[in-house]
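*Asks:* Structure incoming, see below.
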Amino acid sequence: MDGKTFAGDQIIIAMGVTTTGEKRILGLVQTATENKRACTSFLREIEERGFRAPNGLLAVLVGVNFRTTNLIESVMARLEEKTQRVDNWKTSDQKLRWCGAALLAVEKNFRRVKGHKQLHLLASALKAKMNATTEAAA
């Protein structure tokens, strides 16, 4: 998750990786600032749609790709390329629509993450952790 400023407003973007290594934009939200409250609310909305963040387990199991912010920084750079010529944002809705359209365009060119063949280890570890948490709560 990362944010980008467009004419005074923040657009916060969340990206995920499938078990087959494909990068996907999970959503975007417009806010006045990239603060804890806005990010927490956005993450809850994504979680309600069925995505759960693994709390750091990703970096341990998969390796270097998830230890840095390079995945989302690459998305932000591509978003900048697509929107850099727009300098007269008329409304807040326009900013969100332009960013959404640009993200759809750049998502088509995403490649799989390096080490995607080991992502099944992550999936197994997450299932085990969720089962252990469920059993401990019962």
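The values are calculated or read from the model by the stated rules, or taken from the named source; none is laboratory data. It should be emphasised that the depicted structure is a prediction, and the values quoted were computed from it without experimental measurement. Reconstructed Cβ throughout: ideal geometry from the backbone, glycine too, with neighbour counts over all protein chains shown.
*Asks:* Please return the ranges of helices (runs of 4 or more DSSP H) entirely within segment 20-138 where 1 or more residues are modelled with pLDDT of 80 or more and either aliphatic (A, V, I, L, M) or buried (at least 16 other Cβ atoms within 10 Å of the Cβ) (or both).
*Replies:* Passing ranges, in order: 36-48, 70-83, 92-107, 119-137.
*Asks:* For the condition more than 21 Å from the chain's Cα centre (by Cα) and polar (S, T, N, Q), what is the one hit in Thr91, Thr83?
*Replies:* Selected residue: Thr91, the only one of Thr91, Thr83 that is more than 21 Å from the chain's Cα centre (by Cα) and polar (S, T, N, Q).
*Asks:* Output the number of the condition that Gly16 fails; it satisfies all remaining conditions of (1) modelled with pLDDT of 85 or more; (2) in a strand (DSSP E or B).
*Replies:* All conditions pass for Gly16, except number (1).
*Asks:* Considering only residues that are modelled with pLDDT of 85 or more and touching a Phe, Trp or Tyr at 6+ places or on another chain (Cβ under 8 Å), which ones fall in segment 1-13?
*Replies:* Ile12, the sole residue that qualifies.
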